[in-house]
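**Q** One structure, as structure tokens, below. Some questions next.
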Amino acid sequence: MDLQVIAAAFQKHGFQTSVFETAADATAYLDCAIDGVSVAYGGSMTVAQMGLLEKLKTHNHVIGHWDIPAGMTKQEVYQKAAVTDVYLCSANGASETGELVNIDGHGNRVSSTLFGHKKVYFIVGVNKFAPTLEEAMWRARNIASPKNAQRLGRKTPCAVKGDKCYDCSSPERICNGFVIHARKLSSCETEIVLVNEPLGY
């Protein structure tokens, strides 16, 4: 897989892109680029795996729903996270033709990739890629979502079996909202950070 070719596809769609061989290199770049601002992140295993948050917290104001301060509700944290300067996330699936796919249960993560921030960074490891948009959507539903449902301890068919999406109607379903970034939105600056290592689910 040639990440430079993939980067060119994203650039053709209006996205700023950067390419790194390792997660450590990407972390160093982002730690330098994001400084003295407010930063939010969704439940991204990619971001957590990189160790990026620990570095950013030393010189930025970081908000995330894994860290609920005493006296605040999760919903209040979500609302504050929706209006930070910078938002960090990954993708549940990405196409080699330059599109991103994300699935969300609550909506806070996908909504923050659409509006409310000065800049959004999508950090995407090589394991997230599929040749086409349709295959990226399949990956998001049948690979990423079952693993996330298992991680969250949800009582859904995909979490029990861990093999595929069953398009269930469980009240604990996490596949409620689907967002495709086909082109860069005009609402904010967006950068795709491509990493030549597997990251997240």
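**Q** Are any residues in the range 186-201 surrounded by 15 or more Cβ atoms within 10 Å (Cβ to Cβ) and touching a Phe, Trp or Tyr at 6+ places or on another chain (Cβ under 8 Å), and if so, which ones?
**A** First, pick out the residues of the range 186-201 that are surrounded by 15 or more Cβ atoms within 10 Å (Cβ to Cβ): 188, 190-197, 199-201.
Across the range 186-201, the qualifying residues are 188, 190, 191, 192, 193, 194, 195, 196.
Residues are listed down the side, and each one gets a yes or a no for (1) in contact (Cβ under 8 Å) with a residue 60 or more places away in the chain; (2) small (Gly, Ala, Ser):
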residue: 112; (1), (2): yes, yes
residue: 118; (1), (2): yes, no
residue: 135; (1), (2): no, no
residue: 158; (1), (2): no, no
residue: 169; (1), (2): no, yes
residue: 180; (1), (2): yes, no
residue: 186; (1), (2): no, yes
residue: 196; (1), (2): yes, no
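**Q** May I pose another question? Criterion first (without any contact (Cβ under 8 Å) to a residue 24 or more places away in the chain, in a helix (DSSP H, G or I), closer than 15 Å to residue 195 by Cα and out of contact with any helix residue (DSSP H, G or I) (no Cβ under 7 Å at 6 or more places or on another chain)) does residue 4 satisfy it?
**A** On the way: without any contact (Cβ under 8 Å) to a residue 24 or more places away in the chain: yes; in a helix (DSSP H, G or I): yes; closer than 15 Å to residue 195 by Cα: yes; out of contact with any helix residue (DSSP H, G or I) (no Cβ under 7 Å at 6 or more places or on another chain): yes.
Considered against the rule, which asks whether it is without any contact (Cβ under 8 Å) to a residue 24 or more places away in the chain, in a helix (DSSP H, G or I), closer than 15 Å to residue 195 by Cα and out of contact with any helix residue (DSSP H, G or I) (no Cβ under 7 Å at 6 or more places or on another chain), residue 4 comes out as yes.
**Q** Out of 98, 116, I need the residue that is crowded, with 16+ Cβ neighbours inside 10 Å, out of contact with any strand residue (DSSP E or B) (no Cβ under 8 Å at 6 or more places or on another chain) and part of a loop (DSSP other than H, G, I, E, B). Which one?
**A** Values: 116 fails: out of contact with any strand residue (DSSP E or B) (no Cβ under 8 Å at 6 or more places or on another chain).
Being crowded, with 16+ Cβ neighbours inside 10 Å, out of contact with any strand residue (DSSP E or B) (no Cβ under 8 Å at 6 or more places or on another chain) and part of a loop (DSSP other than H, G, I, E, B) holds for just one of 98, 116, which is 98.
**Q** While we're on this one: How about the range 15-50: which of its residues are surrounded by 13 or more Cβ atoms within 10 Å (Cβ to Cβ) and part of a loop (DSSP other than H, G, I, E, B)?
**A** Keep residues of the range 15-50 that are surrounded by 13 or more Cβ atoms within 10 Å (Cβ to Cβ), which gives 15-20, 23-31, 33-34, 37-50.
Once the filter is applied, which keeps residues that are surrounded by 13 or more Cβ atoms within 10 Å (Cβ to Cβ) and part of a loop (DSSP other than H, G, I, E, B), the range 15-50 yields 15, 34, 37, 42, 43, 44.
**Q** Let me ask something additional. Which residue is farthest from residue 126 (Cα to Cα), if the candidates are limited to the range 152-201 and must be charged (D, E, K, R) and outside any loop (DSSP other than H, G, I, E, B)?
**A** Kept after step one, since they are charged (D, E, K, R), are these residues of the range 152-201: 154-155, 161, 163-164, 167, 172-173, 183-184, 189, 191, 197.
Pick out the ones that are also outside any loop (DSSP other than H, G, I, E, B) and you get 161, 189, 191.
On the way: 161: 25, 189: 23, 191: 16 Å.
Looking at residues that are charged (D, E, K, R) and outside any loop (DSSP other than H, G, I, E, B), I get 161.
**Q** Determine whether residue 140 is outside any helix (DSSP H, G or I), crowded, with 23+ Cβ neighbours inside 10 Å and not polar (S, T, N, Q). Before the answer, list the steps.
**A** Working: outside any helix (DSSP H, G or I): no; crowded, with 23+ Cβ neighbours inside 10 Å: yes; not polar (S, T, N, Q): yes.
So residue 140 fails the test.
**Q** Exactly one of (1) closer than 20 Å to residue 77 by Cα; (2) part of a strand (DSSP E or B) is unmet by residue 111. Its number?
**A** Among (1) closer than 20 Å to residue 77 by Cα; (2) part of a strand (DSSP E or B), the lone unmet condition for residue 111 is (2).
Computed from the coordinates by the stated procedures, all read-outs in this text should not be read as laboratory data. Only a predicted model underlies this, so the values are computations on that prediction, with no experimental measurement involved. Reconstructed Cβ throughout: ideal geometry from the backbone, glycine too, with neighbour counts over all protein chains shown.
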